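Worksheet: the structure to be examined is printed underneath.
Any read-out appearing in this document is the output of simple, stated calculations on the displayed coordinates, not a laboratory observation. Quick caveat: nothing in here was measured; it's all calculated off a predicted structure. All Cβ positions, even for glycine, are placed from backbone atoms using ideal geometry, and neighbour counts span all protein chains on display.
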Amino acid sequence: MKIPIIILILLVTLTTGLYMARPKPEPPHETSPQLPKNSLLIRGSIPYWDQQKATQSFAENVSNLNQVALFWYYIDSNGKATKYTYALENPSILTLAHQNNIKAFFTLTNLGERAGDNWDSKRVEEVIKDNNSRAKHIEDILNIFSRLPFDGVSIDYEEVAPSQRDNFSSFIKQLAASLHQRGKLLNVAIHPVTDSNSEKRYYFQDVKNLSESADYLAVMAYGEHENDSGPGPIASYPWVNKIITYLKAKNIPLQKIFLGIPLYGYDWTEGSNNPATDLTYQDTQNLLAQFRLNLEWDEQLKSSHFTYNNQGQVHQVWFEGSRSVEQKMKLAQDAGLGGVSFWRLGEEDPNIWAEIKQFK
């Protein structure tokens, strides 16, 4: 149906007049849009020396995890990727992981298996010193995939000599290429760096270079205070924030970074030269009950602690419970990191699992 031209003119005039008569809306407030926060991938580790307990925790909390790392292998004195004697290569763990859409990694380290063994730089140096050595080592790693259906490997080579910077980067680049050709993933554990001194100590890890090859970089953001140091938090909020700030300054893809979060504590005896005693969460609860103590919270450090007296000896305890874990997860999320990596399953505060749900 055609409308006469005169009617069209009248309609346009009337509509325009009505529009011009309308009051102008108020300008919107100058507020930042509320963008949804990124969810975090959640990884847990199962150590061979407490495999049964850690596996039980894994089985009970599969709905809260995206990845699991099995601490089963190390470089032996002959340069071979070897299973720890007491590690049980249990394929049912991988089956359970895959049934729940969880990626399963095996962890390969340079930590010997005898009591008192340290992280051995020499073992790493031998297997990454040239192209032939790296190729042989990579083939050794790939052989593990032929035995068990892992989705990836986590390279946890610690305390390596600073002189190995180029060799280590070349190794990771070549390993990543071999893994990606086979549809496998690569995670690299990296040391926490907060200043020039720690950067020199861990110079072998060129994190910017590593990030161009690896799928994930898991920063071990714990050890601010160790069992052989003075008492204090294992990973205070300000210290962890410095680690994240350092990594962000390297212009690394943030989604590749996993923030390592500790789930343990230490008990230091004041005035003693003996190392602190390792504590699980349950150990801390037993001490609180035994000595009828109240748990203390340091708001600045965002860490739990308490002091007790046992037969005239004063003890200081610091540990990471659900409250401090939540703060670190918020820090990781606000920084735009890809995930968090818990060290380790089997000794955690059970309340962390309720906290984790809000970040997935």
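For segment 221-233, state whether one or more residues are free of Cβ contacts under 8 Å to residues at least 40 places away in the same chain, in a loop (DSSP other than H, G, I, E, B) and either in contact with a Pro (Cβ under 8 Å, 6 or more places away or on another chain) or surrounded by 15 or more Cβ atoms within 10 Å (Cβ to Cβ) (or both). Looking for residues that are free of Cβ contacts under 8 Å to residues at least 40 places away in the same chain, in a loop (DSSP other than H, G, I, E, B) and either in contact with a Pro (Cβ under 8 Å, 6 or more places away or on another chain) or surrounded by 15 or more Cβ atoms within 10 Å (Cβ to Cβ) (or both), one finds at least one in segment 221-233, hence yes.
Looking only at residues of segment 298-320 that are assigned to a strand (DSSP E or B) and under 15 Å from P238 (Cβ atoms), we find that the one that is farthest from the chain's Cα centre (by Cα) is D298. Among L247, L217, which is under 27 Å from V124 (Cα atoms) and assigned to a strand (DSSP E or B)? Unique residue meeting the criteria: L217. For beta carbons closer than 8 Å, sequence separation of 6+ or different chains, a first residue in segment 172-184 that is without any contact (Cβ under 8 Å) to a residue 24 or more places away in the chain and a second that is of a type outside the set (S, T, N, Q), the qualifying pairs are H180/L186.
Residues in segment 102-128 that are farther than 15 Å from D156 by Cα, in contact (Cβ under 8 Å) with a residue 12 or more places away in the chain and part of a loop (DSSP other than H, G, I, E, B): I102 alone. Checking each residue in segment 72-94 for being closer than 30 Å to K360 by Cβ, surrounded by fewer than 21 Cβ atoms within 10 Å (Cβ to Cβ), without any contact (Cβ under 8 Å) to a residue 40 or more places away in the chain and within 23 Å of the chain's Cα centre (by Cα) picks out only A87. Among residues of segment 262-287 being without any contact (Cβ under 8 Å) to a residue 40 or more places away in the chain and exposed (fewer than 15 other Cβ atoms within 10 Å of the Cβ), the one that is farthest from D50 (Cα to Cα) is N273.
The single residue among L301, L217, L293 that is closer than 30 Å to L185 by Cβ and either out of contact with any strand residue (DSSP E or B) (no Cβ under 9 Å at 6 or more places or on another chain) or not β-branched (V, I, T) (or both) turns out to be L217.
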